[in-house]
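Engineer: Questions regarding the structure given below will be posed in turn.
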């Protein structure tokens, strides 16, 4: 493994971004960015579940809320970089693409991947979030008080 | 006496073939796609995810299609699928204070930071059938307004500042899991909340309604109801740090309940909590009311013998898959069981008739 530099916060951000991307997006953006390198599976894509937890009262003791589906995989590039992916849902091609991006982000491909995969994903996520927030904001109640006549 | 019964295979196969045909319905009507169900019957999908206890909108939509719209059957399919999945781990508790809210209302405070946000609600509609929906039509775009990106604070936080409401102190105890260990009494609050969040909506609603009508009355206000998305974060052992593994929609309801105080607690407001997968408002409010009713013991309240206070009654009857499994099994062949019952009744009848015959003889 060539995980020598501590790129944890950065890596956490890109893995999280790819986990939440809509179906097919990481595959499409990766293939548009560069040709896929050869790789070997450390863990072939597998579908499983994660138990999601909440907290009583929002802040108190944890409890089990229910599970969600997750696809995960791990692979290694010929140059030794290891890529991991955990993505939401049952999406093996997306998990494979996300693990490739994760591995390639530790190589010279970092600039092209940032520009052609991560930044577009980030922008799309921001747009989705903002659109919903703006629709919600339009349903915000503006209270006004009626003045009652006293005569 | 054992009687081996064979010969149902062909009938069963043919029944299932007919089921498939009936599921499809009139072939001159366009077939429904799973994506259409996911997008256009989203609240049914949400219910199936919540009670199926598995967040996956595509799977829930498929289950609804397969079940011909029978939501309990669809929940059954999801529960069965869920058991085939390897469990990768558990997430960290979701942070609902940082929810990206589609809807957020409070029945206790009119003016509050973050405001009253109605979201895509049925409230204030006139409940008149809209015949325009029967015709194909373009939907006008929903209006937008500039949004404040700041997180929306929890209403209970304001009351906490005055010390007027019971606190929910931070705790990191690993919760019990009823999908791994059978549900046993006494059930702590974490276990009760897990059972309630996957409980049947109708049952939970009726239990909650019973508390409002006076059975274990605890006078609930909806302190806050919020619907929106939260990221789900999990520690990845092979990486040594946590990443977000997805984003889910949740409905959260916090009730604020009148409480005169008890031997152990000062007069203050107490809390009920509901948190459910998807946009599932009726269920989340119901869950919060039932959660509060079940907390009588830890708050030092009296048990007035109300059904909603009886954890064993509520939790053992709340799961619609357990209930329907046991209920519906009685329609399956019980020929041998029934044969022995029949023998018994005939024997009792013979005995009764014989003794009546003796009485008659004695009388003559």
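The values are calculated or read from the model by the stated rules, or taken from the named source; none is laboratory data. Nothing here was measured: the structure is a model prediction, and the numbers come from that model. For neighbour counting, all protein chains shown are included, and Cβ atoms are generated from backbone atoms with ideal geometry for every residue, glycine included.
Engineer: Just to be sure before I move on: is residue B:210 in a loop (DSSP other than H, G, I, E, B), more than 30 Å from residue A:12 (Cβ to Cβ) and either more than 11 Å from chain A (Cβ to nearest Cβ) or touching a strand residue (DSSP E or B) at 6+ places or on another chain (Cβ under 9 Å) (or both) in the structure I sent?
Structural biologist: Answer is no for this residue.
Engineer: Out of the residues in the stretch B:40-60 that are more than 17 Å from the chain's Cα centre (by Cα) and within 20 Å of residue B:201 (Cα to Cα), which is surrounded by the fewest Cβ atoms within 10 Å (Cβ to Cβ)?
Structural biologist: B:41
Engineer: Let me ask something additional. What number of residues within the stretch B:53-77 satisfy the criterion of being free of Cβ contacts under 8 Å to residues at least 40 places away in the same chain and closer than 15 Å to residue B:248 by Cβ?
Structural biologist: Qualifying residue count, the stretch B:53-77: 6.
Engineer: Would the stretch B:268-281 turn up any residue that is more than 14 Å from every other protein chain (Cβ to nearest Cβ), under 20 Å from the mean Cα position of the chain (by Cα) and modelled with pLDDT of 95 or more?
Structural biologist: yes
Engineer: Kindly indicate whether residue B:235 is more than 20 Å from the chain's Cα centre (by Cα), within 14 Å of chain A (Cβ to nearest Cβ), under 30 Å from residue A:129 (Cβ atoms) and free of Cβ contacts under 8 Å to residues at least 24 places away in the same chain.
Structural biologist: no
Engineer: While we're on this one: Please determine, by comparing only the residues of the stretch B:145-172 that are over 28 Å from the mean Cα position of the chain (by Cα) and surrounded by 12 or more Cβ atoms within 10 Å (Cβ to Cβ), which one is farthest from residue B:264 (Cα to Cα).
Structural biologist: Per the stated criteria, the residue is B:145.
Engineer: Need the failing condition index for residue A:136 against (1) within 13 Å of chain B (Cβ to nearest Cβ); (2) more than 25 Å from residue B:103 (Cα to Cα); (3) outside any strand (DSSP E or B); (4) out of contact with any helix residue (DSSP H, G or I) (no Cβ under 7 Å at 6 or more places or on another chain), just the number.
Structural biologist: (2)
Engineer: Right, something else. How many residues are surrounded by 15 or more Cβ atoms within 10 Å (Cβ to Cβ), more than 11 Å from every other protein chain (Cβ to nearest Cβ) and not in a loop (DSSP other than H, G, I, E, B) when one looks only at the stretch B:89-144?
Structural biologist: Count: 0.
Engineer: Given the criterion in contact with a helix residue (DSSP H, G or I) (Cβ under 6 Å, 6 or more places away or on another chain) and within 8 Å of chain A (Cβ to nearest Cβ), identify the matching residue among B:246, B:223.
Structural biologist: Residue meeting the stated conditions: B:246.
Engineer: Let me confirm something: among B:37, B:72, which residue is within 17 Å of the chain's Cα centre (by Cα), assigned to a helix (DSSP H, G or I) and at negative phi?
Structural biologist: The match here is B:72.
Engineer: May I ask you to list the residues in the stretch B:301-330 that are over 15 Å from the mean Cα position of the chain (by Cα) and within 17 Å of residue B:72 (Cα to Cα)?
Structural biologist: B:325, B:326, B:327, B:328, B:329
Engineer: So for the stretch B:296-313 (the condition being within 14 Å of chain A (Cβ to nearest Cβ), in a helix (DSSP H, G or I) and in contact (Cβ under 8 Å) with a residue 12 or more places away in the chain), does at least one residue qualify?
Structural biologist: No, the conditions are met nowhere in the stretch B:296-313.
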